[in-house]
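The block underneath contains the structure these notes are about, expressed in structure tokens.
The values are calculated or read from the model by the stated rules, or taken from the named source; none is laboratory data. Just so it is clear, the structure is predicted and the values come from calculations on it, not from any experiment. Glycine gets a Cβ as well: all are built from the backbone with ideal geometry, and neighbour counts include every protein chain shown. Side chains are part of the model used for accessible areas, which takes the heavy atoms of the whole protein and leaves out ligands, DNA and RNA. Shrake-Rupley method; radii C 1.70, N 1.55, O 1.52, S 1.80 Å.
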Amino acid sequence: MSAERTARPRILITGAAGMLGSDLLEILGARFEARGLDLRPSSAGPGAVVLCDLTEPGSVRKAFEDFRPGIVFHAAAMTHVDGCERDPETARRVNVEATGNVVEAANRTGAAVVFFSTDYVFDGRKGAPYTEKDRPCPLSCYGRTKREAEELIESRAGHYVIFRVSWLFGRNGPSFPRTILERAGSVPSFEVVNDQVGRPTYTRDVARALRDLFVRVSWQAAADRQIFHLGNSGEVSWADYAEMILESYPGAKPSVVKIATPLGHRPAVRPLHSVLALEKAERELGIRLRPWREAVNDFIKHELIVGQP
């Protein structure tokens, strides 16, 4: 049954001031009645985002009871990988306990949960793209807390769908393309690891794909207790990714020095090959995102002022 033939559900978006959440709010909000939740103020219109601490169960219950959503897109998370490693208690509170509060409130109001997880639930040692059937084995606190949140949802949510995404970039917040271009005019070279490989993924492409999905099918059909991987097609190392980004720089380009990941250089261990297999989402949901190079070029052209700090 198509959503056009049913009442369109209200959509609640957590982390609505963040990189992914802000795009979800804007793009889904154009087709659905949507409201955001976040700890931080948002640049969205008046009343679009309600301040809410997801680690406080009472605040979460009130937000759900006030809005009565049919679907909650749970994009809020502590995503700073090294920050999670340094402060595992906060990481668990934000990534796991807050997810439990969202699931409890969703169950009370009959809402389905759309949860965003990460390629970091895998250890990167497979040597081939990870499918949804592969066993997670996270290396870092960030990966472990996101996997705990997945397990919590699988065991406690009435209706859910989990989307794992990777190497996100978008206009609202720090991202690899923005960092490279902002620093390009002030350094002669970059040292960038060449042995970590993944799929760069544009947050606006994810938001558009989910908007189209939830317009095309009912939330009951889409939120049917499954895990899917989403990402722009293709894969790349961080070093080759940096070289591609610098193609857009108008001045004298810094060189990219390709290095191996230094042992113990950062608090959290990164998976070396965390490419997510995308065939299930294409086969079962009809979702196929454009190549990552095209998405990055679009982001740079429309969202970044190239060469400006």
- Query: Which one is modelled with the lowest pLDDT, of the residues in segment 210-235 that are within 25 Å of residue 198 (Cα to Cα) and open to solvent by less than 10 Å² (accessible area, probe 1.4 Å)?
  - Reply: 213
- Determine which single condition residue 156 fails, assuming it passes every other condition in (1) farther than 25 Å from residue 23 by Cβ; (2) surrounded by fewer than 14 Cβ atoms within 10 Å (Cβ to Cβ). (2)
- Message: Which count do you get for residues in segment 283-309 that are in contact with a strand residue (DSSP E or B) (Cβ under 9 Å, 6 or more places away or on another chain) and either open to solvent by less than 80 Å² (accessible area, probe 1.4 Å) or over 21 Å from residue 211 (Cβ atoms) (or both)?
- Response: 11
- Query: Out of 77, 63, which single residue is assigned to a loop (DSSP other than H, G, I, E, B) and among the small types (Gly, Ala, Ser)?
  - Reply: 77
- Query: What tally of residues in segment 237-266 results from selecting those that are open to solvent by less than 10 Å² (accessible area, probe 1.4 Å) and of a type in the set (A, V, I, L, M, F, W, C)?
  - Reply: 5
- Query: Out of the residues in segment 191-204 that are open to solvent by less than 10 Å² (accessible area, probe 1.4 Å) and out of contact with any Gly (no Cβ under 6 Å at 6 or more places or on another chain), which is nearest to residue 273 (Cα to Cα)?
  - Reply: 198
- Message: For residue 169, only one of the following conditions fails: (1) surrounded by 22 or more Cβ atoms within 10 Å (Cβ to Cβ); (2) at pLDDT below 95; (3) touching a helix residue (DSSP H, G or I) at 6+ places or on another chain (Cβ under 6 Å); (4) of a type outside the set (Asp, Glu). What is its number?
- Response: (2)
- Identify the single condition in (1) touching a Leu at 6+ places or on another chain (Cβ under 6 Å); (2) without any contact (Cβ under 8 Å) to a residue 24 or more places away in the chain; (3) in a loop (DSSP other than H, G, I, E, B) that residue 16 does not satisfy, given that it satisfies every other one. (2)
- Message: Only one of 55, 99 is in contact with a strand residue (DSSP E or B) (Cβ under 7 Å, 6 or more places away or on another chain) and open to solvent by less than 50 Å² (accessible area, probe 1.4 Å). Can you tell me which?
- Response: 99
- Meets criteria (crowded, with 17+ Cβ neighbours inside 10 Å and either hydroxyl-bearing (Ser, Thr, Tyr) or out of contact with any strand residue (DSSP E or B) (no Cβ under 7 Å at 6 or more places or on another chain) (or both)) for residue 139: yes
